[in-house]
Structures are given as structure tokens and as C-alpha cells.
Amino acid sequence: MKIAPFELERWYVQYEFNVKYNISASCGRETTTAELLAMAGPEATEKYLSLGLDYTQNPGDPLLRAEIASQYANLSPDQIQVTTGASEAIFLLMNLLLEPGDTVIAEAPIYQSLFSVAEAVGANVKRWWLHEEDGWQPDLDELSRLIDSRTRMVVVNSPHSPTGSVLSRETRRALVDLAERHGFWLISDEVYRGIVYNPADDLPPAADLSDRAISIGDMTKPYGLGGLRVGWIAAHDRGVLSACSALRDYTTMCNSAPSEFLATVALQHKEELLARNLTIARENLATLEAFMEKHREILSWVKPRGGFTAFPGFNPPMDGGTLGFGEAAGKVMPSQEFCRRLVEVNNVLLLPGSTFGVEGHFRVGFGQTPKTFKTGLELWSGFLTRLQGL
């Protein structure tokens, strides 16, 4: 397989662990092992410390699968395949469901593996672009124009990263209807499920609505548990799940026992963890809203309705002379150059829109501790002011 470099992840390899203020990350506040074990109590702690470190079951620990299945109205534990993060779920599904020459329609911007793996398989990927002026909402008429006789898969993400938009119930239902009418797979990336700021936006998972819909979830975004590397595929079609299990023999084979144990504990206390992370995100979102208002002359945005990310845009020329970047005077910096200089000057990390194929935007992540987020925004604010020569 020849696959394109993963632009977002290559950016993070350079900077993620070397900056002081990372205000670009897409997940909730980090959760520690100690916090999870404190929730579980002494008996669970003792069990965790005596846990064997042999191989685990390929489909996932039965207790973990039961906890995951409890989040779906119409699925049982044997309709869940645990994976090593959502990334493996995407890799398995793309390789199993697609053939060279198939058409895949993927929302854009979107996490790169949701289309690059399909391209590496030999599929013809059509980008279904979302636009800021439309509130980052998908245009179903445009989707209908993109569907052709070889369309095998449509890929969506809601709540959406990087924009923070959320599908309406009507759009979700229309997508399911199209999948059933045309016979394609609807792959629904739902790694932010549960992270919405209006309860009315909390949609049922796609896999609950149709045999043609497959949901992807993980422990990273809502719970701040990326280090566990636990994700899953939820689907009605047991044949697809069985094939995913068999292909997994060639990838990671199984998850780690400690990761599955801690993921089970987290899901047993998911309401507490989600409430904590939503409280933090709401505080940070209010801080971000004030920041955007302060810089409204040069920045634009659509306020996120879900997830932990926003995708502000910038348009007017910026004068870099006051920062010693004279070559930027009278120009709009490419987003990657802007973000690189912000790291160099202020030790603050944003994610350039170019990693999503969209110039003139940055991804901001507001799931981390409020103190870190506020300081990062203050430093970014000073950078913007000096860059304008004000």
C-alpha cells in the first residue's frame, strides 16, 4: 500500500510534545489512571493491579463490549468490534468494504485517514466540501450530484472536527435514506458523540438507524483517554464485523488488557467524565468567544455546537514587520507559516488549516484545562496584534 503522508499527524510529530501551550488538541481534558481507579473503588483497583498481561480477545473484552453496546439502542455486544483507536477501525473498514474503482464520497474538511486510506485502496474519492458561510453544514443537493453508479461509501463526521458543527436530525435521516436507496455504506465517525452544548443536538448513532450505517467510536475525544488506544466499530452486519476481526489478525490482533480494563471503568462512569469535560469546554468556549469578539476585524468563525474544536478563519493582509517578519507585510500568511511562527515567538500551538486542505483557517482545541487555554489565547492575541503592526 502506498499512502499519502498524514499532514495533521506529521505536524504534531514536529510540535505536539515540544510546546508549552497546545491550544489545538481535539480531545477533552486528560484523565489519569488514578482518577479512573478512584471512581472504580478499592476492589477494582486491586483487580487492576493483579491483571494478567497476556493476549486479550480479538473482538474485545466481553465486559467492554457490553458497556459499548449499552450506548446503542439496537445493537448487542456481539455487534461491537473493539479496535486500537478509531484509526484502526477506519483502516479495517476501508480495506474490507472497498475495491479499486469504487467511489467514496467524504465530507471535507475531515480527518485525513477517512479518505486517504480509501485512496490507497484504489477508490475514487470525491470531496464533499463544507463551507463556513453555510455554517459548515453539508449540502444534500451537492451530495446527490456526487453520487454515481459506483458509489460504495459516504463518510461523515458529527460532531465535526475541525469545525464543531453538528448534523441536524433531518440531515442524518436523509443520509440514511440515501444509503438504503443507493445501497452504499454510510460510515459515521462519531468519536465526539455526547459532546454537544444543546441536548437537542445529541443525535442517535447512525448504526441504530440502518443496516447500511456503521458507527465508529473511541475513548479519546470525549473522555481524554487517547493513551488507552481503544476504539470500536458498531454495526448490524455481523459479516462485516467478522471480516474486520479476521483482518485485525494482521494489524494489532488485540488490545492491551490494562487499556480494556480502564476503558470499561471509564464507560461505567461516563456520565461523570462527560459532565466534567463539558463543564471545562463550556468555560473555555466562553473565553474563546470573547477572544473572537476582540479580534473580529481579522478573524471569523462559526461557534461550535459540538466537539472540542473550532475552525476560525482569517482573511485580511497582515504586516509582519513588528515581529521581524518583513516579508509578510501586505500578505496573508499561509496557515502553516503563521502557526510555525506562533510556536517560535510564543510557544503556542495551533493546527494550520492546510493540514485539512483548507487555507486561511486554524483549528483551535478548547478541551484542555482553562488556565492553559486562557494563557494560550492571551499569547496568541498579542501575536495577532503585533503581526498587524498595531
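Read the figures in this text as sums done on the coordinates, not as results from a lab. Predicted model, so just to flag it, every value in this text is computed and none were measured. In this analysis, Cβ positions are derived from the backbone assuming ideal geometry, glycine residues included, and neighbour counts consider all displayed protein chains.
What order do you get for Glu133, Glu142 when you list them from fewest to most C-beta neighbours inside 10 Å? Numbers along the way, then the final one.
Details: Glu133 7, Glu142 13.
So the residues, fewest neighbours to most, are Glu133, Glu142.
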Would you order Ser168, Ser354 from fewest to most other beta-carbon atoms within 10 Å of each residue's own beta-carbon? Ser168, Ser354
Report the one residue of Val265, Thr309, Val191 whose Cα lies farthest in the direction of the positive end of the charge dipole of the chain (charges on C-beta: Lys and Arg +1, Asp and Glu -1; origin at the Cα centre). Thr309
Where the only charges are on Cβ atoms (+1 Lys, Arg; -1 Asp, Glu), what is the dipole of the chain about its Cα centre, to the nearest 20 debye? 560
Label-point separation, Asp78 to Ala246 (7 Å along Cα→Cβ), nm: 1.7
Cα to Cα, under 24 Å, and not fewer than 8 places away if on the same chain: which lysines meet these conditions relative to Lys47? Lys270
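Based on a Kirkwood Rh over C-alpha pairs, give the Stokes-Einstein translational diffusion coefficient of the range 137-208 at 37 °C and viscosity 0.692 mPa s in µm²/s. Walk me through the numbers on the way to the answer.
On the way: Rh = 12.8 Å.
Once the numbers are plugged in, D ends up at 256 µm²/s.
Evaluate E = 1/(1 + (r/R0)^6) for Leu96 and Val345, where r is the Cβ-Cβ distance and R0 equals 41 Å; express this FRET efficiency to the nearest 0.05.
Values: r = 46 Å, r/R0 = 1.13.
Efficiency, from the Cβ-Cβ distance: 0.35.
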Between Asp54 and Ala275, the two model label points (7 Å from Cα along the beta-carbon direction) sit apart by a distance in nm of 4.0
At 18 angstrom or more along the helix axis (alpha-carbon based) and mean Kyte-Doolittle of -0.5 or higher, what helices does the chain contain? Whole DSSP H runs only. 85-97, 270-294, 370-387
Based on the mean of other Cβ atoms within 10 Å per residue, sort peptides 201-208, 283-290, 85-92 so the most packed one is first. 85-92, 201-208, 283-290
In nm, to one decimal, how far is the Gln14 label point from the Arg181 one, both placed 7 Å along Cα→Cβ? 4.5
Between Glu297 and Asn124, the FRET efficiency computed from the C-beta separation at R0 = 45 Å comes out, to the nearest 0.05, as 0.60
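Counting pairs of Cα atoms in the chain, how many percent are more than 38 Å apart? Could the numbers behind the result be given before it?
Details: 14862 of 75855 pairs.
Every Cα pair in the chain considered, those over 38 Å come to 20 percent.
Compute the length gained on full extension between Thr287 and Ser70: take 0.36 nm times their separation in residues and subtract their Cα-Cα distance, giving the result in nm to one decimal. Walk me through the intermediate numbers first.
Numbers: separation 217, 0.36 × 217 = 78.12 nm, distance 3.48 nm.
Between Thr287 and Ser70, full extension yields 74.6 nm more.
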Cα-Cα separations in the range 195-285 greater than 22 Å, expressed as whole percent: 41
Signed unit charges on C-beta, dipole axis of the chain, positive-most listed residue Thr171, Ile105, Ala4: Ala4
Quick calc, the range 64-150, dipole around Cα centre from Cβ unit charges on Lys, Arg (+) and Asp, Glu (-), nearest 20 debye, gives 300
Between Trp128, Trp380, Trp11, find the one with the highest GNM mean-square fluctuation for the chain; connect C-alpha pairs within less than 10 Å. Trp11
Given the rule -39500 (n - 2.57) for each run of at least 4 DSSP H residues, summed and divided by the residues of the chain, what is its mean residue ellipticity at 222 nm, to the nearest 500 deg cm²/dmol? -12500 deg cm²/dmol
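Which whole-number percent is the relative contact order of the chain (Cα, under 8 Å, 6+ apart)? Intermediate results must be reported in sequence, preceding the final value.
Values: 768 pairs, mean separation 96.0, N = 390.
RCO, the chain: 25 percent.
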